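The values are calculated or read from the model by the stated rules, or taken from the named source; none is laboratory data. In this text, all values refer to a predicted model and were calculated from it rather than measured experimentally. Neighbour counts run over all protein chains shown; Cβ positions are idealised from the backbone, glycine included. Heads up: the accessible areas ignore ligands, DNA and RNA and are worked out on the full protein's heavy atoms, side chains in. Shrake-Rupley method; radii C 1.70, N 1.55, O 1.52, S 1.80 Å.
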Amino acid sequence: MAARINTSLHNALSLLNPFNTPLNTKPFTCRNSFRFSKKLPFDSQSSSGKRALYCTSSSQETGVDGGETFVLTTPLYYVNAPPHMGSAYTTIAADSIARFQRLLGKKVIFITGTDEHGEKIATSAAANGRNPPEHCDLISQSYRTLWKDLDIAYDKFIRTTDPKHEAIVKEFYARVFANGDIYRADYEGLYCVNCEEYKDEKELLENNCCPVHQMPCVARKEDNYFFALSKYQKPLEEILSQNPRFVQPSYRLNEVQSWIKSGLRDFSISRALVDWGIPVPDDDKQTIYVWFDALLGYISALTEDNKQQNLETAVSLGWPASLHLIGKDILRFHAVYWPAMLMSAGLNLPKMVFGHGFLTKDGMKMGKSLGNTLEPFELVQKFGPDAVRYFFLREVEFGNDGDYSEDRFIKIVNAHLANTIGNLLNRTLGLLKKNCESTLVVDSTIAAEGVPLKDTVEKLVEKARTNYENLSLSSACEAVLEIGNAGNTYMDQRAPWFLFKQGGVSAEEAAKDLVIILEVMRVIAVALSPVAPCLSLRIYSQLGYSHDQFNSITWSDTKWGGLKGGQVMEQANPVFARIELNSEKEEAEKKPKVGKKTGKAKVKVEQTPTIAEA
Ligand code: MSP
């Protein structure tokens, strides 16, 4: 069934006075022309007085540039159920990007939060025997707990039930209304409660099933307020053709352009049958549609507690966002609806929307509605935050879908974090202790004179930086790992344990080799810190640095030469515990076990190899 607006867009756009008359009583006034915000949405003076930098710096093809302040957001997560690994994925990626931008010296405002209104939330609260506020408190808290477990260092956590958010939504609504972009009409269509969206019949599967949630959509007929999205068709087309980097990865841009080209229809921004929401100004029989409410969280999050809350102050504190990170399923809301809403309210557009792919299980999107989720709390408890963060960012090309399997997880983190990185550090510190009293004999710059490994590391660091900048997080991890591989190759080729045995000049050379490898480890620690911050801290600590010194590192610390002669290293201690499958352990012990072979993983502390093994 195609959605139908009883009062068609072009003869029904009405301009009602929000201040004098209740919205539901005033008759329509025809309005055939529209006023486009005089401010250009991009590249204009933001209200903070800073120039919006979208597309003004063009040295990189695809990199994000947030100017001095880098504001990035995750979606605000629905609180219908506790977080699963799919929701954690966006946040892990966002945290790594935020950490990288901080290393570059930017002031970062990393925004996350929870989306708490709407039918879906009210239904799940009722199903759990709670009232909506209790339910929201509980689930919102579970997100915060997970972010803590995963080492997510967000700056702002916004809840859409926060009164300061509600105030901003109402003010925004009034602005859009005053611009003549809200009108009232009947609507009839097929609704997916899980998407909280009316669907086009042509995008549905058999039996009107939603392709994302695989559940039938329900027929709905309502008297709603509408946002005149169709007025923004041309401006949106122009923006996308002038600023193709607005939607990333580039292949998602085509999708967005084709939606727009196929014709934009106005969408309903209120619900008559849903109580759990922000009342429409001047019509408390309707609540504001969850998306029209939640998207404003990106702005209301900027406000400071106990200060005056209004749109203008919020905007002055960091809008427009440099980057919205989202999953591909909510691209239309962010790349079509949201920019049009902002234009209507006369606000600048975000500089970039990046739509990543899905974590899948058996090829299906992992999700709360489908019930095929992976438990992030369990995963972090079992393997630690670094392993979880590293695996998903390294394994899944950011933008594409990726499947999870425990075997693959264990294989990757063992090979990369325990062996390539952890073991190299351990072997080197062991040798240093035995032969140099854990003290560096010379500055790393002097040690590396004429050594090609230094150039290799410098090139790989540059590669990692470019990849971080371009949000190619998997390739950034790969470049860091290549540094580790180069360090291992150097160790094996130079065989310092053998040179020490020879004594004299050979032993002096060996001592320098250890300095070189430890400097490699230091560079790895800095370059990997956006992805695996705890692991990097452990490496840094073993290299003799304090917590505070680690906390003040910047990307310029990837430059060769940080380690100085005389610096004393800590006792070698495995920085990453190797994960062992029970089945492997059983095989190693060669003892027939009674009971089932679970294949469940156990974390085993890697034994420091003896010097002879090294
Ligand atoms: N509440 C809205 C967002 C409003 S933003 C103003 C919402 N919430 S959600 O909880 O359903 O989804 C939040 C994010 O998690 C989305 O970006 C979605 O793509 C992402 N993911 C949910 N399941 C996912 C996977 N299985 N894999 C990767 N990301 C997934 O939409």
Accessible surface of the stretch 109-166 [probe 1.4 Å, protein heavy atoms]: carbon and sulfur percent: 49
Student exercise, the stretch 128-186 dipole from Lys, Arg, Asp, Glu Cβ charges, in Debye to nearest 20: 100
Sulfur and carbon atoms: percent of accessible area, the stretch 371-467 [1.4 Å]: 46
Heavy-atom accessible area per residue - the stretch 74-125, 1.4 Å, Å²: 18
Cα centre as origin, Lys/Arg/Asp/Glu Cβ charges: the stretch 140-263 dipole, Debye: 360
Extension gain from Arg144 to Asn372, taking 0.36 nm per residue of separation minus the Cα-Cα distance: 79.9 nm
Cβ-Cβ FRET estimate between Glu201 and Glu255, R0 fixed at 22 Å, reported to 0.05: 0.70
Computed over the stretch 389-543: relative contact order in percent, which uses C-alpha pairs under 8 Å that are six or more apart: 29
Efficiency of FRET from Cβ geometry, Ile446 and Gln493, R₀ 22 Å, rounded to 0.05: 0.60
Contact order relative to length of the stretch 101-210, as percent, for alpha carbon pairs under 8 angstrom and 6 or more apart: 27
Most to least packed among 342-352, 411-421, 445-455 [average Cβ atoms within 10 Å]: 342-352, 411-421, 445-455
Solvent-accessible area per residue for the stretch 423-478 (1.4 angstrom probe, square angstrom): 42
Candidates per trypsin sites (Lys or Arg not before Pro) in the stretch 239-334, loop by DSSP, up to 12 other Cβ within 10 Å: Lys307
Extension gain from Thr554 to Gln502, taking 0.36 nm per residue of separation minus the Cα-Cα distance: 14.8 nm
GluC sites (Glu not before Pro) within the stretch 270-379: DSSP coil, no more than 13 neighbouring Cβ in 10 Å: Glu304
Out-of-range pairs (alpha-carbon distance over 23 Å; input Lys221/Lys261; Lys501/Lys564; Lys199/Lys328): Lys221/Lys261; Lys501/Lys564
Percentage relative contact order, the stretch 177-316, counting C-alpha pairs under 8 Å, at least six apart: 18
